[in-house]
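So the structure is just underneath, and the comments pick up after that.
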Amino acid sequence: MKNVNKRAVSLLLAAGLGLSAAAASAAPETLQDVLKRRNLSQQDLLAAAKTYVPTGKRDEFVAFSSGGQSGQIIVYAVPSMRILKYIGVFTPEPWQGYGFDENSKAVLDQGKIDGKSITWGDTHHPAISETNGEYDGQFLFINDKANPRLAVIDLRDFETKQIVVNPIFKSEHGGAFVSPNTDYIIEAAQYAAPLENKKFFPLEEFNEKYRGGVTYWKFDRKEGRINAKESFSLELPPYSQDLSDFGKGPSDGWSFTNSFCSERYVGGIEKGRPPYEAGCSAKDTDYLHVINWKKAAEVVKAGKAKKINGHNVIMMETAIKEGLLFLVPEPKSPHGVDVTPDGKFMVVAGKLDTHVSVYSFEKIQAAIKAGKFESKDPYGIPVIGMKDALHVQVPLGLGPLHTQYDSKACIAYTSLYVDSQVAKWNFCEGKVLDKISVHYNIGHLMTMEGDSTKPAGKYLVALNKLAIDRFVPVGPLHPQNHQLIDISNDKMQLLYDMPLPLGEPHYVVAIDAKKLKPGVRYKVGTDSRTDKPHPGAVRAGEEKTEKKGNKVTVYGTLIRSHITPETIEADVGDEVTIHLTNLERAQDETHGFTVSTYNVHASVEPGKTVTVKFKADKEGVYPYYCTEFCSALHLEMQGYLLVKPKGWKPTKTTLAKQSYTENDYKKTLKTIADTQAVIDSVVGYITSVNYKDFPDVVAMVEDAFDQLGKTKGLKEKHEAFAAKKDWENANLWAEQIWQYQVKTADLGLRAKTYLEQNGAKKIK
């Protein structure tokens, strides 16, 4: 022992001398040293301080970005710009098992078109559910431009719950946009096509047979699902409808949809004709569609819609007759149409015009009431004169696209694609206030809660299409660049460059993080995709394997650190279905599951039940294991799928043995006693404070005692084997007690730390 102590002292002395030498040669850097070494300015330091979120602290806002060609959603935080999550929507997402377990496959299958699986998507415009025009943080919606679909994501667990396929469109871009109380979600067509499914008409009949449209998807908030039967569409001319927005306040009940290519040009460069880009931008103006959607819903209820592909469609003739649809000229090739927070104005940006046009809802209504129309379009739709609808036009710069709003009255921000700038301007007075350069070619932009009736201001994110020189090169394809801009002062300040490496994000929405109320666990046995009890769920002790003919069904459980069952047997050719329930209740104790070479994966969060299914089509031995690192013995959380050849008969009847001694057994018993002392100490602390006032701690305590309760009966087992001097089984069953103790202690220590950090108070 003395030798050991001497060795320890010498090591400490050596370490001390080493530290002293290091300290002498390299004193800690000051802030000024760092600024000088990295060639940073005071402005750089200010920008860094504005985005820095210290460890253990949380961001103010959560942003949901489209994932473009990934078909997914990117979740990140503001102002730190830290990526938090990818949400699988229209395409498989491996980490969360989306598209690799049967439950999520069922959601993806909702997006089949003509019976064909579509595992590619082009997500564009996310929208957060609203109550009275304010973001409520309950649901998220997003569209798929390539395959006209809309998805519902529940923000209680950030999972996709539903996909609906548009029954009459072949493509769309104008989604998703929600009404002030999330009664409906807009999805507008993009490229005109015949509305009837699988109908062919040549391009020579474009004007007569091709149509655009806008769909109003009815949303059932109680069910958290779109009700397709109560949804409807308006037939529109083949004008390439684009982005939309719902009215709010005085304009509630109306919606507004842009269009481009009102020239109805059909291209043909391969035939010697000018390309689309020439023919679709020849006119000085296109059309803003002004639609009375609340009255349209009544028209559908009155039975005045036509069924096309089993879907209610209000035909243009009916829409005109019922006074549902009007047009207003708007500057050449517009893109964004954005209703102001007060609902009084609609801001339209024309891509090929230097102006933004601010339309007055009051003036539009006055023209409609007076029957004051300058003309009708070729389809008989009344056209309100631009001068009769405009509030003001403001010259901003080249390539205006999209507009978002500030918390300050009348303040708007518009992206300028060609100029690579953001313009800050006053839409009441028609005055430019400030401009800032971004890098490069900005598309959409987003302010905090900027689509709502009460924008939060503070920050703006520029979604730049090109990064070029902003990041370390990673090949010909560069990431997108989302730049964070401080808009809290009169002058905008660029704060942060954030590379986005997933797809081409098109639009982002951001919500105050405090409005989000995500759950931390499911009720045990929940199918998260349906929010209903899973028929394959079991509790601890109820695990079983059933074989009926060539079907093997496993009812299993997951808990640190074992999978039950640990062996699954099948014959070659059997269909294997494995239901797995995560019995954990501790926060973030997620388990994953895969079987080697069978292309299945499940992410099983606490309480969730998930199913994987495959055909055991090749004999052999296939390990399965927990894919999510869950405990110190995570790697030991495993099992074997044994696929037996036809006619196989066993020869050996005993398993391989290990060598354990009485001494091993006694060491394990000492470890159990020491660990229990730690548990008792932790329990003593927890029960001495007001832990019941902390719901997360209560859940951890319940889970801890549940783990400890699993040791019941194990003491008798290991003592019985010890009495027979079967040291292998005695030690192994004692070891299992310790495993449960470790999990108990882990939870208890986490609970203790949480209480200490969150102001727990002593109780009498």
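The values are calculated or read from the model by the stated rules, or taken from the named source; none is laboratory data. For clarity, every value in this text was computed on a predicted model and none was experimentally measured. With ideal geometry, Cβ positions are generated from the backbone for all residues, glycine too; neighbour counts draw on all protein chains shown.
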Any hit, the range 709-731, residues being touching a residue at least 12 places away in the same chain (Cβ under 8 Å), within 15 Å of LYS752 (Cβ to Cβ) and out of contact with any Asp or Glu (no Cβ under 8 Å at 6 or more places or on another chain): no
Tally, over the range 461-491, of residues that are in contact with a Pro (Cβ under 9 Å, 6 or more places away or on another chain) and basic (Lys, Arg): 1
Contacts under 8 angstrom Cβ, first residue in the range 460-472 being touching a residue at least 24 places away in the same chain (Cβ under 8 Å), partner assigned to a strand (DSSP E or B) and among the aromatic types (Phe, Trp, Tyr), 6 or more apart: LEU460/TYR413
Filtered residues of the range 502-547 (kept if under 28 Å from GLY67 (Cα atoms) and in contact with a Pro (Cβ under 6 Å, 6 or more places away or on another chain)): VAL509, ARG521
Helices (runs of 4 or more DSSP H) contained in the range 1-114 and holding at least 1 residues under 30 Å from ALA146 (Cβ atoms) and modelled with pLDDT of 95 or more: 102-109
Residue match in the range 523-540 (condition: within 23 Å of the chain's Cα centre (by Cα) and aliphatic (A, V, I, L, M)): no
Residue pairs meeting the criteria (Cβ under 9 Å; at least 6 apart or on separate chains; first at pLDDT below 95, in the range 376-389; second exposed (fewer than 14 other Cβ atoms within 10 Å of the Cβ)): none
Qualifying positions in the range 625-655 - of a type outside the set (A, V, I, L, M, F, W, C), in a loop (DSSP other than H, G, I, E, B) and either modelled with pLDDT under 90 or surrounded by fewer than 10 Cβ atoms within 10 Å (Cβ to Cβ) (or both): SER631, LYS646, GLY647, LYS649, PRO650, THR651, LYS652, THR653, THR654
Meets criteria (within 30 Å of GLY519 (Cα to Cα) and surrounded by 22 or more Cβ atoms within 10 Å (Cβ to Cβ)) for GLU605: yes
So ILE128, is it among the β-branched types (Val, Ile, Thr), closer than 22 Å to LYS608 by Cβ, in contact with a strand residue (DSSP E or B) (Cβ under 8 Å, 6 or more places away or on another chain) and in a strand (DSSP E or B): no
Residue in the range 81-92 that is crowded, with 24+ Cβ neighbours inside 10 Å and over 16 Å from SER603 (Cα atoms) present: yes
Hey, ASP726 surrounded by 14 or more Cβ atoms within 10 Å (Cβ to Cβ), at pLDDT 90 or above and not aromatic (Phe, Trp, Tyr) or not: yes
Residue count, the range 349-368 (criterion: free of Cβ contacts under 8 Å to residues at least 24 places away in the same chain and within 17 Å of VAL339 (Cα to Cα)): 1
Strands (runs of 3 or more DSSP E) wholly inside the range 526-589 containing at least 3 residues that are surrounded by fewer than 17 Cβ atoms within 10 Å (Cβ to Cβ) and at negative phi: 544-548
Residue count, the range 525-563 (criterion: at pLDDT 95 or above and under 19 Å from THR590 (Cβ atoms)): 14
Test: residue in the range 104-115 that is over 23 Å from VAL214 (Cα atoms) and in contact with a His (Cβ under 9 Å, 6 or more places away or on another chain): no
Residue list for the range 420-434, filter: in a strand (DSSP E or B) and touching a Cys at 6+ places or on another chain (Cβ under 7 Å): ASN426
Subset of the range 391-412 [out of contact with any strand residue (DSSP E or B) (no Cβ under 6 Å at 6 or more places or on another chain) and either part of a strand (DSSP E or B) or buried (at least 21 other Cβ atoms within 10 Å of the Cβ) (or both)]: ILE411
Subset of the range 455-480 [of a type in the set (S, T, N, Q) and within 28 Å of CYS410 (Cα to Cα)]: ASN464
Subset tally (residues that are over 18 Å from ALA602 (Cα atoms) and either small (Gly, Ala, Ser) or touching a His at 6+ places or on another chain (Cβ under 9 Å) (or both)) for the range 522-560: 3
Residues (under 12 Å from VAL438 (Cβ atoms), of a type outside the set (A, V, I, L, M, F, W, C) and part of a loop (DSSP other than H, G, I, E, B)) located in the range 456-500: LYS465, ARG470
Failed item, numbered, when SER415 is tested on (1) assigned to a loop (DSSP other than H, G, I, E, B); (2) buried (at least 17 other Cβ atoms within 10 Å of the Cβ); (3) touching a residue at least 24 places away in the same chain (Cβ under 8 Å): (1)
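Residue-wise test of (1) touching a His at 6+ places or on another chain (Cβ under 7 Å); (2) in a helix (DSSP H, G or I); (3) assigned by TED's automatic domain parsing to the domain that holds LYS724; (4) in contact (Cβ under 8 Å) with a residue 60 or more places away in the chain.
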| position | (1), (2), (3), (4) |
| --- | --- |
| VAL612 | no, no, no, yes |
| VAL621 | no, no, no, no |
| ILE672 | no, yes, yes, yes |
| THR675 | no, yes, yes, yes |
| LYS692 | no, yes, yes, no |
Output for the range 305-322, where each listed residue is of a type outside the set (A, V, I, L, M) and under 22 Å from GLY371 (Cα atoms): GLU317, THR318, LYS321, GLU322
